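Undergrad: Have a look at the structure that comes next, please.
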Amino acid sequence: MITAENLTKKYGAKAVVDDVSFTALPGRITGFLGPNGAGKSTTMRMLCGLAAPTSGSSTVLGVPFHALDNPGRDVGMLLDASAQHPGRTGRETLAISAHLMGLPASRADELLEVVGLTTREGASRVRGYSLGMRQRLGIASALLGDPDVLILDEPSNGLDPAGIRWMRELLTSFAARGGTVLLSSHLLLEIEAVADDLVIIGQGRILAQGSAADLLATKGTQVESLDNAELGRALTTAGFEVTTTPTGLTTSATVEEVGRLALAAAIAVTDLRPSANAGLEELFFSMTAQHGREDVSA
């Protein structure tokens, strides 16, 4: 479990993270979203003990990060895939980390295989890696200690479609085994595909949080009939909001209420269903439209 309580980070008079509180639960993937400059990376750095909060606190597995005896065995982190020594080989990078965690060097070979880096690639120096290979190596580092928590910032950046699909399966299986995942990404479709919970941040403040199902749910009803105009008038007269669509109507009334009104008005209904859920992209932009980066050209 990850818990942030009233986290605030100021640089001078400017608060880049402002009173942020949320919880990422075991067995679930929490998508952490926001436009550039929203405070996501700073928040994640505070969770991992890489930045001290101005005020507020956070815990991982019930204790502050700095109180963990062997953090790499408990928390796997990928905050910057480029932060790897370019002169070391991929295997050396993992073997050194394994040694620091008290793990055998053979663990490096196991993780190279897990993330799909070949023996030859593992023996190559990191300076020659593509962005996608660096991401895979960073993910291997995060998984090295067999942690209970993953904190990942843009882990799919640079991965090809097959790599993105692999990442999705890796994260869902990790959570299914009871692991906690905090995942930040600009790939909204990928977040929508895997996230159980969402935390949306803008200009350092939480804009929305909750289960993905609840946040993406759209209330109301979609209906088509043989006389949409008359059905619309009946719904409006009954006090419901009504919007005309290319094929029918959407309304704030429930499915049952629409059905009863249509029956009373003797209007044949050809399609009647709850409104489809909103997409994450729609939710994201509606939440963050006023919280993006300022236009630096102005």
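Undergrad: Using +1 on the beta carbon of Lys and Arg, -1 on that of Asp and Glu, and nothing else charged, what's the dipole of the range 221-274 about the Cα centre, debye to 20?
TA: 40 debye
Undergrad: Taking a ≥ b ≥ c as the square roots of the eigenvalues of the Cα gyration tensor of the range 129-198, is the shape rounded (a/c under 1.5), prolate (a/b larger than b/c) or oblate?
TA: Cα axes put the range 129-198 in the oblate bin.
Undergrad: Would you mind checking the range 123-164 for residues with the amide N under 17 Å from a putative spin-label position 7 Å along Cα→C-beta of A83?
TA: The answer is 134-145, 150-157.
Undergrad: In the set [x] 37, 20, 17; [y] 46, 22, 17; [z] 32, 25, 18, which value of semi-axes √(5λ) of the Cα gyration tensor in Å was calculated from the structure you see?
TA: [y]
Undergrad: Rank L263, G132, G202 by how far each Cα sits towards the positive end of the charge dipole of the chain (+1 on Lys, Arg Cβ; -1 on Asp, Glu Cβ) and give me just the farthest.
TA: G132
Undergrad: Let's test the formula: R0 of 30 Å, r as the Cβ-Cβ distance of S106 and S21. What FRET efficiency results, to the nearest 0.05?
TA: Given R0 = 30 Å and the Cβ-Cβ separation, E is 0.15.
Undergrad: Considering only DSSP beta bridges where both residues belong to the chain, give the percentage that are antiparallel (nearest 5).
TA: Bridges in the chain that DSSP calls antiparallel: roughly 65 percent.
Undergrad: Additional query: Can you compute log10 of I(q)/I(0) for the range 221-274 with the Debye formula, treating each Cα as one identical point scatterer, at q = 0.24 Å⁻¹?
TA: Rounded to two decimals, the profile gives -0.81.
Undergrad: Could you calculate the FRET efficiency of E5 with H99 from 1/(1 + (r/R0)^6), where r is the beta carbon distance between them and R0 is 35 Å, rounded to 0.05?
TA: My answer for the efficiency is 0.50.
Undergrad: If amide H atoms are built 1.01 Å from N in the plane of the peptide, which residues on other chains or at least 5 residues away come under 5 Å of the amide H of L207?
TA: Hits under the 5 Å cutoff: I200, I201, G202.
Undergrad: Another question, if that's okay. Sorting check: for 69-80, 257-268, 237-248, 30-41, which peptide has the highest mean count of neighbouring beta carbons within 10 Å, and how do the rest follow?
TA: By packing density, highest mean first, the sequence is 30-41, 69-80, 257-268, 237-248.
Undergrad: Okay, next question. Calculate the dipole size of the range 2-216 relative to its Cα centre from +1 charges on Lys and Arg beta carbons and -1 charges on Asp and Glu beta carbons; express the result in debye to the nearest 20.
TA: Taking the Cα centre of the range 2-216 as origin, the dipole is about 640 debye.
Undergrad: Moving on to the next point. Using the beta-carbon distance between R273 and L189 and R0 = 30 Å, what value does 1/(1 + (r/R0)^6) give for FRET efficiency, to the nearest 0.05?
TA: 0.80
Undergrad: Restricting things to alpha carbons, tell me how big the range 2-109 is in terms of Rg and Dmax, in Å.
TA: Expressed in Å, the Cα Rg and Dmax of the range 2-109 come to 16.0, 49.
Undergrad: Between T236 and A162, what is 0.36 nm times their sequence separation minus the Cα-Cα distance? Round to one decimal in nm.
TA: 21.7 nm
Undergrad: Follow-up question, since we're still on this one. Which shape class, rounded, prolate or oblate, goes with the range 32-168 when its Cα gyration tensor gives a ≥ b ≥ c as root eigenvalues, a/c under 1.5 marks rounded, and past that a/b bigger than b/c marks prolate?
TA: In terms of gyration-tensor shape, oblate.
Undergrad: Please name whichever of G39, L150, A98 sits farthest to the positive end of the charge dipole of the chain, dipole taken about the Cα centre and charges placed at Cβ: Lys and Arg +1, Asp and Glu -1.
TA: Ranked along the dipole, the leading option is A98.
Every read-out reported here was derived from the displayed coordinates using simple, explicitly stated rules and does not represent laboratory data. All of these numbers come straight from a predicted model, not from anything done at the bench. Every residue, glycine as well, gets a Cβ built from its backbone with ideal geometry; the counts of neighbours run over all protein chains shown.
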